[in-house]
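Report on one structure; see the data block that follows.
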Amino acid sequence: MKKLNLLFVLSLVLVFATTSKIQAQLPDMSIAPNFTVTAYQSALSTQGLHNNGTYTLYEYLDQGKAVMVDVSATWCGPCWSYHQTGTLDGLYSAHGPTGFPGVSASTTNNVMVIWVEGDGTTADATMLDGAGTIGNWINPTGSAEIQFPMANPASTLANQINNDLGIAYFPTVYRICPNRTVKLMSTSSSATTLYTQCTQCPAPASQTFDPALLRYTGLTSTTGPVCMKVRLQNNGTQPLTSCTIQAKAGSTVINEVNWTGNLATYAEAEVDLGVHTITATSTLTFVIVDATDPNLTNNTITKSVSYSSSTLTGTSTACVINVTTDRYSSETSWVLTDLTGCNAVATSPVYTSAASNGAYPQAPVNVTLVNGHKYLFEMFDSYGDGMCCDYGSGTYNITSGGTVIFTNSNFTTDYDAKFFSIGTVGANINLLESNISVFPNPAQNMLNIQNAENATITLFNALGQEVYSIERASASEIIDISSFPQGSYVVRAVRDNEITNTKVIFTK
């Protein structure tokens, strides 16, 4: 990881700093991968579920327990301060596994605590007040040893845990629920507050059929089009093969997707709910609508999507993406998305890091865009510090016909986004065919037609018979097709001198 040695020095010197930066962390409600660690304490060498001193995350989750995972470093001042508070000790004593060392006889038996040394170069001696450490981590107060497992994994496993859990800084404390979802905890929280968080975990899987919506993963800001996506999880005890999800704006259903697949218990998948155009900041609701679902508590999520008018415009469809990275080019990537349909039209090549600090211009990427379309350019840095400073002054821009649409020479975080358009968005001349979006296809109950404002829309069946028509369509039309027979249909849109025909399939 970039700058690890520098971080080591800074963390020793700035012991009163609140955090030590490593990389980007997991969003709440993400899935925590499994891991197994071995307790460093000799007193725990015959403890654990297998009486051998090993502790596997998923085994405790499968018992219905919430697991608090603290990833720290023995050289980290904030970690030491948190460790000395005894917060996790108190949580473990009152609520840890029945019969485990240090756990009260009156325990609630629904929580586990695991501490992990996040620096894979840490020697075992530093756990006991050795060189390079702040104190005795096994006995921080000098009165009693820590009873919950504290692991000092080798470098490979430590790095894997850091990467899998997206450890952004030390200390990072996650609450992990039986359904594998994570939530970041504040190190200022008391043991009582942490336990309250544990009790708010969803109940373990118990129903045969129980689809759940975890979180929204689509666009959260836009200049109009919203690419709507959610994470679907199987919270049932049998494989999840299908369910129906609706997207709503207020009480209006704007799309319905009949998802099919095969998810084992607690497995998840991303579901694309299409494109919805907004003209003001809006709250969208996503809901599972299967009548056979016995658990409705995990069926609904909402998300506010902010709207702003884009002033960035290119006049030519011939565009060039120019990127100059810092030394660590391999951490940099980007995606250019056409918001009419939400499809990626260009992605970054794999960049190679350099041997020394400096600015490294990358090969320009030429793209031909569509007049009248809106675009989103997203820049990512996997390490989280952008392209700047001592490692090289990075920059990027997009030009249209040789003219710069936008530029950023101060990218210092893990993410940046720019919205822009090509030509005059919304003009009715020669734009209908390139703008119109008809989805889903195949469709079952609802058919969405977007970006065909002011057009006359007609629906024809396979015999050429007109079965539906509307004049002066809005920018987002939703047609109820639940009563139409299954088969092949054509959506015809007519505006001024433009005509477009789109074939769609209706299923039952």
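Here are some notes:
- Within the stretch 390-414, the set of residues being in contact (Cβ under 8 Å) with a residue 40 or more places away in the chain and either under 28 Å from the mean Cα position of the chain (by Cα) or over 25 Å from V345 (Cα atoms) (or both) comprises Y391, G392, S393, G394, T395, Y396, N397, I398, F406, D414.
- Contacts under 8 angstrom Cβ, first residue in the stretch 482-495 being outside the structural domain of E471 (by TED's automatic domain parsing) and buried (at least 16 other Cβ atoms within 10 Å of the Cβ), partner assigned to a strand (DSSP E or B) and among the hydrophobic types (A, V, I, L, M, F, W, C), 6 or more apart: none
- Residues of the stretch 248-277 satisfying the condition of being in contact with a Gly (Cβ under 7 Å, 6 or more places away or on another chain) and at pLDDT 95 or above: T265, A269
- Residues of the stretch 107-139 that turn out to be farther than 23 Å from I176 by Cα, surrounded by fewer than 19 Cβ atoms within 10 Å (Cβ to Cβ) and either within 30 Å of the chain's Cα centre (by Cα) or not β-branched (V, I, T) (or both), as a count: 12
- Residues within the stretch 82-107 that are without any contact (Cβ under 8 Å) to a residue 24 or more places away in the chain and more than 17 Å from A144 (Cα to Cα), tallied: 5
- Total residues in the stretch 123-158, condition farther than 22 Å from L49 by Cα, touching a helix residue (DSSP H, G or I) at 6+ places or on another chain (Cβ under 8 Å) and touching a residue at least 24 places away in the same chain (Cβ under 8 Å): 7
- Strands (runs of 3 or more DSSP E) (entirely within the stretch 162-271) containing at least 3 residues that are crowded, with 21+ Cβ neighbours inside 10 Å: 172-176, 211-216, 225-234, 240-249, 252-263
- The single condition among (1) of a type outside the set (D, E); (2) within 27 Å of S437 (Cα to Cα); (3) without any contact (Cβ under 8 Å) to a residue 60 or more places away in the chain; (4) buried (at least 19 other Cβ atoms within 10 Å of the Cβ) that V335 does not satisfy is (4).
- Checked against (1) part of a loop (DSSP other than H, G, I, E, B); (2) over 28 Å from A267 (Cα atoms); (3) hydrophobic (A, V, I, L, M, F, W, C), A125 passes all but a single condition, namely (1).
- In the stretch 1-31, the residues that are touching a helix residue (DSSP H, G or I) at 6+ places or on another chain (Cβ under 7 Å) and at pLDDT 95 or above: none
- Residue ID - farthest from S437 (Cα to Cα), chosen from residues in the stretch 341-370 that are at pLDDT below 90 and in contact with a strand residue (DSSP E or B) (Cβ under 6 Å, 6 or more places away or on another chain): C342
- Residue that is among the polar types (S, T, N, Q) and more than 22 Å from the chain's Cα centre (by Cα), where the choices are T337, T332, T347, T317: T317
The values are calculated or read from the model by the stated rules, or taken from the named source; none is laboratory data. A quick note: this is a predicted structure, and the numbers were derived from the prediction, not measured. We place every Cβ from the backbone using ideal geometry, glycine too, and count neighbours over all the protein chains shown.
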